[in-house]
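Colleague: Just passing along the structure, written as structure tokens.
The values are calculated or read from the model by the stated rules, or taken from the named source; none is laboratory data. Here the structure is a predicted model, which means the values were calculated and not measured. When we count neighbours, we look across all protein chains shown, and the Cβ atoms used for this are built from the backbone with ideal geometry, even at glycine. To get the accessible areas, we keep the full protein, side chains included, count just its heavy atoms, and leave off ligands, DNA and RNA. Shrake-Rupley method; radii C 1.70, N 1.55, O 1.52, S 1.80 Å.
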Amino acid sequence: MGETIFSKTKGLTNTPFHYCPGCTHGIIHRILAEVLEELAILQDTIGVAPVGCAGFIEKYINVDFQGGAHGRAPAVATGIKRALPDKVVFTYQGDGDMASIGTAEAIHAAARGEKFTTIFVNNGIYGMTGGQMAPTSLIGQKTSTSPYGRDSSQSGYPLDFPLLISQIPGAAYVASVSVDTPQNVIKAKKAIKKAFEIQMKGIGFTMVSVLSTCPTNWGMSPIQSIKWLQENMKNYYKLGELKTPEMLNQ
Amino acid sequence: MKKYLMKGNEAIAEAAIQAGCRFYFGYPITPSTEIIEYMARKMQQVGGTFLQAESEIAAIYMVFGASGSGKRVMTASSSTGISLKQEGLSFLAANELPAVIVNIMRTGPGLGGLGATQADYFQATKGGGHGDYRLIVLAPNSVQEMTDLIMDGFDLADIYRNPVMILADGILGQMMEPVIFKEPEKIEIDKSWATTGANGRKRNIITSYNLHNEAGEEKALYLEQKYKGIKEQEQRWEEYHMEDAEYVFVAYGTSARIVKGAVDQLRKEGNKVGLIRPITLWPFPEKAFIPLLNRIKGYMVVEMSAGQMVEDVKLNVNGAAPVAFYSRQGGITPQPEEIIEKFNNSYHKGGEQ
């Protein structure tokens, strides 16, 4: 018998993911689950599921879960965290869920400095409903509801939601990351870990935005999708630590 | 027990706190605003949590989160605000989360005005949100009854794991009456389903998302059975001069108070009239009507709406006798003499009904 050098994190259940081939939800789920295990908080964490592709996240991440309606996760998380201030609470939301229908709930949770963590997954499209334009779709991006490409004169401009949230005083930590390379996956995991640690210190609202792909609805192979993300999304969305607790005192 | 002179809205808030509610999430709206203001003052004094939400929608989902965490929680609003909460009410019912929601009605449709109205009966009792679900709906007609029903409402919510709505109007919310706070009943409630962290137990999951039709039907049948049980167990109503009544008024809340005056006057004039006052609007007190069907000559429903509860009365009278209807709307309350005139026209002059 050889030495065990790797095993699946206890933060994931044994239920197979339902995600499409090449979708990066799987990577993000895994690093989130690993962080919860490494911080030894699986038994103290309550997750809040979104509506969208990750609407079944409660099947995969091995913690207690609640799931409300489309975009309302930050309000549900507020209710949970206020009721159980000693527990760890997170929401996991897509760009349609958080940056469109749930904008008010997200902004005001950040404004109140609610002490939970949001994992925001931005793939620039509505995946679950089959590829419609999102507030985060890029100019020119073709979707089923922008069949001629997103036209700013019709549909405005893509919203850099983490950048917006980072301007809010109640937000203690906002990072924008990508999982397009192994190196960036490690960076993303570090950011998620930091967000949870800051939550546990009770400093304020924490959020990690993750650029993600949607090969099925983008109509590309997984490899093409990663390339498209690198050549297009990374040029528009500001990456890095957009807000840290140190900035709160400046 | 000590008697207090209190405004209806403040009595509601105080009764909730005495019933063990320590979480309040709300948004200001007239004519329910005294509730949120009282909670803002009092929750801090009792070590509870008060939070003014950014919207009615956020407030109901904060209620969702706190209820799912096992806490007694309340929100209050008025009609248009309650419309915004309908999505959340459907989600609370779907996930079997207990909560008390107060609607101090204002007039509609649209933004409406602040006068007394009962125009939200359909919304409250027929499922204002999507899907097949029920709220337990309690309709007080005095400040005293508001406090009693708030306390009962928290118990009913916990026992049946279902949202409970208190449906009242601006008159009941704003008027002052003497009130005694009863000692809340101590009931044993198991909340082992709450999401509190899966420490030494299986994970608790509170969601209503499901893409398998078979599982969907199973859930629907389960809820249907639960609602049948509530219907069987929880019908409440008050009877007023029903012992020898030949004609029966049906009215709830503020309307019922006015009708009592009309009943007294009609009795003085030799009419054998009585009143059935539904206290639970859902479940509707069907049992009140069963013994009446063979002896009552006529019914008359009085509402402050274009006629909403009257449909449930007709359903239960089921053609056994005529059902007359009188209403004032848009914030105007019906007057006893108008009710008497309508009654006489309907049943003593062979006139319209």
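Colleague: Heavy-atom accessible area of B:ARG295 with all protein chains present, probe 1.4 Å, nearest 10 Å²?
Modeller: 100
Colleague: Calculate what fraction, in whole %, of the accessible area of the protein assembly as shown sits on carbon and sulfur atoms when a 1.4 Å probe is rolled over the protein chains.
Modeller: Details: 12540 of 24160 Å².
Roughly 52 percent of what the probe reaches on the protein assembly as shown is carbon or sulfur.
Colleague: The range A:1-79 to the range A:209-224: how many Å between their Cα centroids?
Modeller: Computed from Cα coordinates, the inter-centre distance equals 20 Å.
Colleague: Roughly speaking, what is the centre-to-centre gap between the range B:1-73 and the range A:86-137 when only Cα atoms are used, to the nearest Å?
Modeller: Using only Cα atoms, the two centres lie 28 Å from each other.
Colleague: List, in order, the whole-Hz ³J(HN,Hα) value for each residue of the range B:117-134 obtained from phi through the Karplus relation with A = 6.51, B = -1.76, C = 1.60 and θ = phi - 60°; use x for Gly and Pro.
Modeller: Karplus values, whole Hz, x for Gly and Pro: 7, 10, 7, 9, 4, 4, 4, 6, 9, 9, x, x, x, 7, x, 8, 8, 10.
Colleague: What whole-number value in Å² describes the accessible area per residue of the protein assembly as shown for a 1.4 Å probe?
Modeller: Working: 24160 Å² over 603 residues.
With all protein chains present, the protein assembly as shown gives 40 Å² per residue.
Colleague: Something else about it: Using a 1.4 Å probe and counting only protein heavy atoms, arrange B:ILE276, A:ILE139, B:ILE57 so the residue with the most accessible area comes first. Could you put the intermediate results ahead of the total?
Modeller: Details: B:ILE276 0, A:ILE139 85, B:ILE57 35 Å².
These residues rank, largest area first, as A:ILE139, B:ILE57, B:ILE276.
Colleague: Next question. Not counting ligands, DNA or RNA, and with a 1.4 Å probe, what is B:HIS212's accessible surface area in Å² rounded to the nearest 10?
Modeller: 130
Colleague: What is the local net charge at B:GLY331, summed over the other residues whose Cβ is closer than 15 Å to its Cβ (Lys, Arg +1; Asp, Glu -1)? Each step should come with its number before you reach the end.
Modeller: Working: positive: B:ARG106, B:ARG328; negative: B:ASP120, B:ASP169, B:GLU303.
Cβ neighbours under 15 Å give a net charge of -1.
Colleague: Heavy atoms only, 1.4 Å probe, whole protein assembly: order B:ILE340, A:ILE203 by accessible area, highest first.
Modeller: Numbers: B:ILE340 20, A:ILE203 75 Å².
Reading off the accessible areas and sorting them downward yields A:ILE203, B:ILE340.
Colleague: Using a Förster distance of 56 angstrom, determine the FRET efficiency expected from the C-beta separation of B:GLU269 and A:LYS59, and round it to 0.05. Walk me through the numbers before you get to the answer.
Modeller: On the way: r = 69 Å, r/R0 = 1.23.
For R0 = 56 Å, the calculated efficiency reads 0.20.
Colleague: In addition: Nearest 5 percent is fine: what portion of the DSSP beta bridges confined to the protein assembly as shown is antiparallel?
Modeller: On the way: 18 of 79 bridges.
Here the antiparallel bridges make up roughly 25 percent for the protein assembly as shown.
Colleague: I would also like to ask the following. Top to bottom by accessible area (1.4 Å), largest first, where do B:LYS85, B:LYS226, A:LYS227, A:LYS201 land? Show your work: numbers first, answer last.
Modeller: Values: B:LYS85 0, B:LYS226 30, A:LYS227 115, A:LYS201 150 Å².
The residues order as A:LYS201, A:LYS227, B:LYS226, B:LYS85, largest area first.
Colleague: Name the long-range amide H neighbours of A:VAL210: under 5 Å, sequence gap of 5 or more, or other chain; modelled H, no Pro or chain starts.
Modeller: Amide H to amide H, under 5 Å and 5 or more residues apart or across chains, A:VAL210 pairs with A:PHE120, A:VAL121, A:ASN122, A:VAL177.
Colleague: Please report, to two decimal places, log10 I(q)/I(0) for the protein assembly as shown at q = 0.06, 0.09, 0.11 Å⁻¹ as given by the Debye formula with identical point scatterers on the Cα atoms and no solvent.
Modeller: Debye curve over Cα of the protein assembly as shown, log10 I(q)/I(0) at q = 0.06, 0.09, 0.11 Å⁻¹: -0.37, -0.75, -1.00.
Colleague: Place a +1 charge on the Cβ of each Lys and Arg in chain A and a -1 charge on the Cβ of each Asp and Glu, then give the dipole magnitude about the Cα centre in debye, rounded to the nearest 20. Write down the numbers at each step before the final one.
Modeller: Values: 22 positive and 19 negative charges, 21 e Å.
My answer is approximately 100 debye.
Colleague: Apply 1/(1 + (r/R0)^6) to the Cβ-Cβ distance of B:MET176 and B:GLU214, taking R0 = 51 Å, and write down the FRET efficiency to the nearest 0.05.
Modeller: Details: r = 55 Å, r/R0 = 1.08.
Working from the Cβ atoms, E equals 0.40.
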